[in-house]
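Each remark here refers to the structure printed beneath this line.
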Amino acid sequence: AQSVSQHNHHVILSEAASLELGCNYSYGGTVNLFWYVQYPGQHLQLLLKYFSGDPLVKGIKGFEAEFIKSKFSFNLRKPSVQWSDTAEYFCAVSRRTGNQFYFGTGTSLTVIP
Amino acid sequence: GAGVSQSPSNKVTEKGKDVELRCDPISGHTALYWYRQSLGQGLEFLIYFQGNSAPDKSGLPSDRFSAERTGGSVSTLTIQRTQQEDSAVYLCASSSGLAGVTDTQYFGPGTRLTVL
């Protein structure tokens, strides 16, 4: 079945450590890619998105993600995490045709001060 | 400005009862989505409204689920004859509708539905 996979379910890091969260999708054709974040007690909000152009996308709060078409991946990175990055992170894919967005199961990140 | 709001925030109901969940999108947003998030699962697309176009209902899991959007603004998701497997957080999101599937979605806080 077609899907969006986030292989890391729970990640625990110390402050200043580097972060990489994996996201792989299995949809063919042209896709749009998103990372959403949900901080404790807050709504889901957009971190960054890619739909064309430079495959390295920069988002808010120092996050970036790289689209590697050959690997069907859109991994999220941050060179140095902060305690305030503790949150749930969701990767999402939409296709150029249709209206649906497909979300991964999320990765819970805990940053220890 | 005001974001997406949903009500109620929590709903506990008995199996077999009907429930209605409400979503108020951001003013001026023409696109509206409903999602379901079950425990340990990602967000599951349910239905999409765009302006006055016919909704995309392809994600509704059964005919017990229906949704409407009145006047292009407020939307109501109705679940008839609720079952325990309907227990989940129901999220609503809206977007400007200008850029289709590249639009940023703005999410509401969700309604946590518990079916006893």
Count the net charge of all other residues whose Cβ sits under 9 Å from the Cβ of A:Glu20, scoring Lys and Arg as +1 and Asp and Glu as -1. +2
Enter the mean number of other protein chain beta carbons within 10 Å of the beta carbon of each residue in B:97-104, as an integer. 5
Give the distance, in whole Å, between the Cα centre of segment A:75-95 and the Cα centre of segment B:65-99. 27 Å
Computed label-point distance, nm, for sites A:Ser84 and A:Asn8 using a 7 Å Cα→Cβ extension: 2.1 nm
Whole-number D in µm²/s for segment A:4-112 (Stokes-Einstein; Kirkwood sum over Cα pairs; 4 °C, 1.567 mPa s): 93 µm²/s
Over chain B, average the accessible area per residue using a 1.4 Å probe and give it in Å², no decimals. 47 Å²
Kirkwood hydrodynamic radius (C-alpha pairs) into Stokes-Einstein, segment B:5-109, 10 °C and 1.306 mPa s, D in µm²/s: 114 µm²/s
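Using the 2.2 N^0.38 Å rule of thumb for compact globular proteins, work out how the protein assembly as shown stacks up: its C-alpha Rg over that value, please.
The reported ratio for this selection is 1.02.
The values are calculated or read from the model by the stated rules, or taken from the named source; none is laboratory data. Since this is a predicted model, take the numbers as computed values, not measurements. Using ideal geometry, Cβ is built from the backbone for each residue, glycine included, and neighbour counts are taken over all protein chains shown. Accessible surface areas use protein heavy atoms only, side chains included; no ligands, DNA or RNA. Shrake-Rupley method; radii C 1.70, N 1.55, O 1.52, S 1.80 Å.
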